[in-house]
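Encoded as structure tokens, the structure appears first; notes follow it.
We did not get these values from a lab; they are worked out from the coordinates using the rules stated. If you're wondering where the values come from, they're calculated on a predicted model, not measured in any experiment. Reconstructed Cβ throughout: ideal geometry from the backbone, glycine too, with neighbour counts over all protein chains shown.
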Amino acid sequence: MSDLLTLAVELAWWQQTGIRAVLGLVAVLLPAGTLVYLFLFKMMSFMQSRLGPMEAGPHGSLQLLAEVGKFLQKEDIIPEKADRIVFKAAPFVVLISTFLLVLVIPAGPDAWFIDVDTGIFLALAVSSISVIGILMAGWASSSKYSLLGALRAAGQLVAYELPLLLAVVGVVIQAGTLNVQGIVMAQATGEIFGWGGIGNPFILTQFLGFAIFLIAVQAELTQPPFDMPVAESELVTGYLTEYSGLRFLLFFIGEFATAGIFAALAATLFLGGWYVPGIDPTSDLFNVIGPAVLLGKVILVSFLIFWFRFTYPRFREDQLQQLAWKVLIPLSLANIVVTGVLKVVF
Amino acid sequence: MTAVDDPRQLAYIAGQASDARVNLEIETEGMTLNIGPQHPATHGTLRIVVKLDGERVMRAEPIMGYMHRGYEKLVEVRTYPQVTSLINRIDWLGSFANEVPFILAAEQIMGVEAPPRAQWIRTLLFELSRIANVVLFLGDMGVQLGAVTPVFFAFRDREFVLNQIEAVTGGRFHPNFDRIGGLKDDIPKGWTEETKGVLGRIRKFCDEMEDLVTGNEIFQARTRGIGVIPADVGLSYGLSGANIRASGVDWDLRRDGGIGLVHDQLDWKVWTHPDGDSFARYWVRLQEVREACNMVEQLLDGIPPGPVMAKVPRIIKVPPGEAYVETENPLGVMGYYVVSKGDLVPYRVKIRSASFNNISITPWLLEGTYVPDVVSILASLYFILGDIDR
Amino acid sequence: MDSATEAPPVDERRDAVVAALAEALGDGLVESHVEAGVEVCVRVSADAWVDAGRALRDRCAMSYFGFLSAIDWMPSPYGRDMDAQVDLEPSVDAEPAAMEWGLAGGATRFQLLARVHDPIGHLGVTLKADLVGERPEVDSWIGVYPGANWHEREAWEMFGITFRGHPNQVHLYLPSHFEGNPLRKDYPLLARRVKPWPGIVDVELMPGGDGDDGGDEGEGP
């Protein structure tokens, strides 16, 4: 978004950085808050034949603020035998990965934080940082439940990093670039059998990739049906067991912000990102409506993510690994081969 | 032993020895994990100490008593009518069903028989408490496996059953309604029609569960082949109710035992499942809720006219004698061995509760399973803490 | 209770159980009580306890283990009757009241009580055994019915009956340092001694006066 700003006023580097930081915060927290309210509070309640929060604000829309206030007031309890430094640092490490992820997602032709050639590669690389935070949390809590949860999380995230990556490779082959902006442009300017009316959102050609990506995202987010790391009926809440107050809130934000950002990534890779058909993709208009379009698509994708979350029971750890190694990875490899062959043929 | 002087040989032996030391050092030790007493999976205060090797359970030992209330001692100082208010709290989800076998045992010693209308309404409430109890199980099974939605449906629809029980007995959880010789009151006006409406809801709930949970691939993967109990092992541990019927034992005291209740005059079916795993236990209970709905419907249509109370003295003295009466309660076979010496209070009451026996199989059953299976097995065995600890 | 006042009806299946036990145990079977169509209660000697269980399981297809417990037949030294609002203090030198036993008789203070069932033939048997002494011992049933494990632990902590061969004879419900055997009749119910319990008698009349219409069982408020 800096480009847009530099056009209007000349800003010093530190001012640009400050604005970027604020916008980045907004880009992380706004989708997170929206998702929590829309899906966790409301959609989940309606699915479970109840109303959800109704008191704070119209239809409970300010409930989230109340929740944040509640968590801020709570005592930050650290277990006596905990490794204090690691314990305190863990939620921030998890959040770092979330904030780094948001950098690569463009919200308009000129509205981006960073524009690197290997954007999608960077995104997938930094997404694994959260594993370290989770392992830190589990180890430092000096609780057996936390440790089990963290080990499960590590095993799971490592296993699902691979299908996640491989699912993206198909998109990259088709777009011919690792640059996220380039991928959006490829979809915006693409054609389906010579007809460019709606561009070529890769969900059409890469539907298998999209499905694998969503499943892997579900596992990366440790959401049901892949929520063994926090399995509340087995491990209390896994690596979160000993956290309270602000630190728990950070994990909570991290969870939902990451959900929003993975949804944004999926929207960008498979649904055309900030682009809507009918408008010239290079038009400046997209710098204004692009973020809103992206948010709309994010909500669409997260609807799927949360729908699964509220409906499915939980896998067992070994079943989860089997799904990853025996089903998803072969499927995504096949997807890559087919995509590559077709790319060469056409 | 001959001395080794070849240097290469000596080096080899030293290497072996150091390898052995390394192996010794990395040899792992099991981890002891306390599941409970306050843990989401134990709905109550059961504590299971499991020794883990990774996620595999090497040994599991349930520890209870956190809710032991000493009912067997307490009933020795309470008159017969007062006992029902205590034993209500054994299986608190189907509390009316707790009262029935005790009252039947006392009636058997006294030689009193409740009038037909009382017997029908008793059976009716008995089956309603079964619905109220098992419906919650069906939802809870989902929660234990990570699906949060079914339990809300369960609570929603169970509420209507409780309303109906409340309309008759005045108590949602602890009716305390059964009396020696009959019932405290008759059913209120218009209740039959309302209850039929509730049955419709419960049937719909069962269909929803079938759609939402039973057919779910993950649910099946988590429950099929998990926690298999062979019929003979289950019987020797005293498993009863749906737990043993899910192992293929066609035994239901409502059909096969039963004094004092009118199940034999109804048209219904005992469901069994040959597998004996967690899924079978879930499935049998689901069918039993449906069957209970059928029974309640027939009971509602067939309540005979007449009084609800037999002639019994105002102050009840039970003549000397002993009786053991067991009924097929929501959790399994529940029985009371009542010893009377002709006093106002029972001399000794042995409460044989279903969950106590059902859960006593866990050390055998949990060995070699994984931690997630512990949860699914415990959930499918379906215990109520009050029914274990009494 | 003696039900055989007039021509007793014959219950062949329950009689057959008694006959099978008599054949298997010989002298071990002490007394039996058959109430036609209702109940069969068999008293065996303590030495034949395990054999009786095995015989029931193997010969009578009683594969289902119901429960195992005990009865203390010594009348409570504390007044536990309707009018007693407080436990009486038992006088030390008072003669203990005479014991009366229930079905199938008895001879000693402690009597084991167990129930097994034939789930195919739908027949249950109550088994009793007299135990000698104040700290009686008897062989464990675990080898016959594994489900007896926890029941024997319960009987051990509640009645002080030791089961020989039990692998884990520790407290089941009570804390591990608990002393005493609460279900013994001479174990005082402390709640009663701390505060008299008001619920034992009617303190006020039922609404509608004190008419004794027989249908009103006069429960406390």
Q) Near the amide H of C:G124, under 5 Å away, which other amide H atoms are found, from residues 5 or more places off or on another chain, if H is placed in the peptide plane? A) C:D118
Q: Over the range B:113-262, calculate the relative contact order: mean separation of alpha carbon pairs under 8 Å at least 6 apart, over the residue count, as a percent.
A: 25
Q | 10 Å Cβ neighbours from other chains, averaged over peptide B:231-237 | A | 6
Q. Once every DSSP H run of n ≥ 4 in chain A is given -39500 (n - 2.57) and the sum is divided by its residues, what mean residue ellipticity at 222 nm do you get, rounded to the nearest 500 deg cm²/dmol?
A. -21000 deg cm²/dmol
Q. Number of Lys-Lys pairs in chain B under 13 Å by Cα, sequence gap 8 or more or different chains?
A. 4
(Q) With just the Cα atoms defining each centre, how far is the range B:71-140 from the range B:203-251? Give it in Å. (A) 25
Q | GNM result for chain B, Cα springs below 10 Å: residue of B:T32, B:T369, B:T45 fluctuating most strongly | A | B:T32
Q. Cα axis of helix B:116-144 to longest principal axis of chain B: angle in degrees, 0 to 90, nearest 10?
A. 30
Q) Got a sec to turn the phi values of the range A:307-320 into Karplus ³J(HN,Hα) couplings, 6.51 cos²θ - 1.76 cosθ + 1.60 with θ = phi - 60°, whole Hz, x for Gly and Pro? A) 4, 4, 4, 7, 9, 9, x, 9, 6, 9, 4, 6, 5, 5
Q.
What's the magnitude of the charge dipole for the range A:2-345 around its Cα centre, counting Lys and Arg as +1 and Asp and Glu as -1 at the beta-carbon? Answer in Debye, nearest 20.
A. 700
Q: Report the convex hull volume per residue for the protein assembly as shown, counting only C-alpha atoms, in Å³.
A: 261
Q. Counting only residues 5 or more places away or on other chains, whose amide H sits under 5 Å from the amide H of B:I48 once H atoms are built in the peptide plane?
A. B:I35, B:G36, B:I63
Q: Identify which of B:R314, B:R59, B:R47 has the largest mean-square fluctuation in a Gaussian network model of chain B, with springs joining Cα atoms closer than 10 Å.
A: B:R314
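Might you report the magnitude of the Cβ-based charge dipole of chain B about its Cα centre, with Lys and Arg at +1 and Asp and Glu at -1, to the nearest 20 debye?
1420
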Q | Spin-label model distance (nm) - A:L29 vs A:S49, 7 Å beyond Cα toward Cβ | A | 3.9
Q.
Show me the ranking of peptides C:98-106, A:216-224, B:315-323 by mean Cβ neighbours inside 10 Å, starting with the highest.
A. A:216-224, B:315-323, C:98-106
**Q.** J(HN,Hα) series, the range B:159-172, from Karplus relation 6.51 cos²θ - 1.76 cosθ + 1.60, nearest Hz, glycine and proline x
**A.** 3, 5, 5, 4, 4, 5, 5, 5, 4, 8, 9, x, x, 7
**Q.** Relative contact order (percent, whole number), the range A:2-345, Cα cutoff 8 Å, 6+ residue spacing
**A.** 23
Q. Under a plain spin-label model, where a point goes 7 Å from the Cα along Cα-to-Cβ, how far apart in nm are A:D115 and A:L208?
A. 3.4
(Q) Along the charge dipole of the range A:52-102, pointing to its positive end and built from +1/-1 on Cβ of Lys, Arg, Asp and Glu, which listed residue (A:L65, A:A89, A:P79) has its Cα farthest out? (A) A:A89
Q: Kindly rank B:161-171, C:160-170, A:235-245 from highest to lowest mean number of other beta carbons found within 10 Å of each residue.
A: A:235-245, B:161-171, C:160-170
Q: Using only Cα atoms, find the angle between the long axis of helix A:329-345 and the longest principal axis of chain A, and express it within 0 to 90 degrees, rounded to the nearest 10.
A: 10
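Partner chain Cβ atoms within 10 Å, averaged over the residues of C:141-154 - can you pull that number for me? Don't skip to the answer; put the middle values down first.
Values: counts 0, 0, 0, 1, 4, 8, 13, 4, 5, 10, 5, 0, 1, 4.
If you average over the peptide's residues, the count of other-chain Cβ atoms is 4.
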Q.
I need the calculated FRET efficiency for the pair C:M99 and B:N34, taking r as the beta carbon distance and R₀ as 45 Å, to the nearest 0.05.
A. 0.50
Q) Tell me, what is the FRET efficiency for B:R201 and B:D53 to the nearest 0.05, using R0 = 41 angstrom and their Cβ-Cβ distance as r? A) 0.30
Q) Which value in deg cm²/dmol, rounded to the nearest 500, describes the helix-derived mean residue ellipticity at 222 nm for chain B, given -39,500 (n - 2.57) per DSSP H run of n ≥ 4 and division by the residue count? A) -15000 deg cm²/dmol
**Q.** Phi-based couplings in Hz for the range A:13-23 (Karplus 6.51, -1.76, 1.60; Gly and Pro marked x)
**A.** 4, 5, 5, 4, 4, x, 5, 4, 4, 5, 5
Q. So what is the diffusion coefficient of the range B:71-388 in µm² per second by Stokes-Einstein at 20 °C and 1.002 mPa s, using a Kirkwood Rh over Cα pairs?
A. 108
Q) Hey, got the dipole for the range A:251-346? About the Cα centre, +1 on K and R Cβ, -1 on D and E Cβ, debye to the nearest 20? A) 300
Q) Taking springs between alpha-carbon atoms closer than 10 angstrom, which of B:D277, B:D373, B:D264 fluctuates most in the Gaussian network model of chain B? A) B:D264
Q.
Between 0 and 90 degrees, rounded to the nearest ten: what's the tilt of helix B:7-26 against the longest Cα principal axis of chain B?
A. 20
Q) Which FRET efficiency value, to the nearest 0.05, is calculated for A:A21 and C:D186 with the Förster distance at 51 angstrom and r the Cβ-Cβ distance? A) 0.05
Q) Shielding of A:230-240 by partners, i.e. mean partner chain Cβ atoms within 10 Å per residue? A) 6
**Q.** Among B:A354, B:L261, B:G342 the positive-end extreme of the charge dipole of the range B:71-388 (Cβ point charges)
**A.** B:G342
Q. How far apart, in nm, are the 7 Å Cα→Cβ label points at A:S244 and B:E367?
A. 4.0
